[in-house]
2 protein chains.
Amino acid sequence: MSSTMGLPVTDVTACCAPLSRESLSPENAEALARSMKALADPARLRLVSLVAAHDGGEACVCDLIEPLGLSQPTVSHHLKILTEAGFLTRSKRGQWAYYRLAPGALDSLARLLVTI
Amino acid sequence: MSSTMGLPVTDVTACCAPLSRESLSPENAEALARSMKALADPARLRLVSLVAAHDGGEACVCDLIEPLGLSQPTVSHHLKILTEAGFLTRSKRGQWAYYRLAPGALDSLARLLVTI
């Protein structure tokens, strides 16, 4: 660890506690792995991308079924995982729930990865 | 999709084909999910972090067993997954294999995430 001695701890503003340059704590590793697992699925990555690219950066389940080629319950299940993990926000209007990218969530994850 | 109309396609130099701002293709989503799954494990995230923080940015299995608190076969298994996924490089010297962070691998993944 001598190569990092004397260096300041990197300042990361993200969901998790700042990571030191020396090594990722078991607690931060658990949190980061949980967050990455929520996103590390082809359908969920495409959902995030589709929501981001949709008119006004907002989409309801009804907009996502056809481009994804999956059933409504499956799409809803993936949207729930992404919302609970903090990657999407959900707001109910009328009979539909509308989803948006949670501001800064992907940027925070990307910043954490490059500070490992 | 009107919010992205007229914007140039983002130029990403990474393992996968460049992603358009409109949506992630099924093929790119599969590749990105595979890469993220290789990293989305607490032990593997800590291994990457420990290798990066080790003297000279290089470590052998023998350096990683004690800080990780896992057996040598388990550590070797995780190192194999990380090497096959392109996050670590491996070079054999004498009886030990030494691991380093693959240059740019975490940066490429981080860049792909923010271009979703």
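What residue, of A:76, A:91, is modelled with pLDDT of 95 or more and more than 18 Å from residue A:41 (Cα to Cα)?
Every option except A:91 fails the conditions.
Run residue A:107 past the list (1) closer than 21 Å to residue B:35 by Cβ; (2) surrounded by 15 or more Cβ atoms within 10 Å (Cβ to Cβ) and report the number of the one that doesn't hold.
(2)
Looking only at the stretch A:20-63, count how many residues are over 16 Å from residue B:39 (Cα atoms), within 7 Å of chain B (Cβ to nearest Cβ) and of a type in the set (D, E, K, R).
Number satisfying all stated conditions: 4.
Within the stretch B:88-96, can one find any residue that is in a helix (DSSP H, G or I), of a type outside the set (Ser, Thr, Tyr), in contact with a Lys or Arg (Cβ under 9 Å, 6 or more places away or on another chain) and without any contact (Cβ under 8 Å) to a residue 40 or more places away in the chain?
No, that holds for no residue.
In the stretch A:69-80, what count of residues is obtained for those that are surrounded by fewer than 18 Cβ atoms within 10 Å (Cβ to Cβ) and not hydroxyl-bearing (Ser, Thr, Tyr)?
Matching residues across the stretch A:69-80 total 6.
Might you check whether a residue that is free of Cβ contacts under 8 Å to residues at least 12 places away in the same chain and outside any helix (DSSP H, G or I) occurs anywhere in the stretch B:100-112?
Yes, the stretch B:100-112 contains a residue that is free of Cβ contacts under 8 Å to residues at least 12 places away in the same chain and outside any helix (DSSP H, G or I).
Taking the stretch A:48-68 as the search range and keeping residues that are touching a residue at least 40 places away in the same chain (Cβ under 8 Å) and assigned to a helix (DSSP H, G or I), which one is surrounded by the fewest Cβ atoms within 10 Å (Cβ to Cβ)?
Going through the qualifying residues, I end up with A:57.
Out of (1) modelled with pLDDT of 50 or more; (2) open to solvent by 40 Å² or more (accessible area, probe 1.4 Å), the odd one out for residue B:42 is which?
Among (1) modelled with pLDDT of 50 or more; (2) open to solvent by 40 Å² or more (accessible area, probe 1.4 Å), the lone unmet condition for residue B:42 is (2).
Which one is nearest to residue A:48 (Cα to Cα), of the residues in the stretch A:69-87 that are in contact with a helix residue (DSSP H, G or I) (Cβ under 6 Å, 6 or more places away or on another chain) and in a loop (DSSP other than H, G, I, E, B)?
A:87
The values are calculated or read from the model by the stated rules, or taken from the named source; none is laboratory data. Model, not experiment: these values are computed from the prediction. Cβ sites come from the backbone with ideal geometry, for glycine too, and all protein chains shown count toward neighbours. Heavy atoms of the whole protein, side chains included, go into the accessibility calculation; ligands, DNA and RNA do not. Shrake-Rupley method; radii C 1.70, N 1.55, O 1.52, S 1.80 Å.
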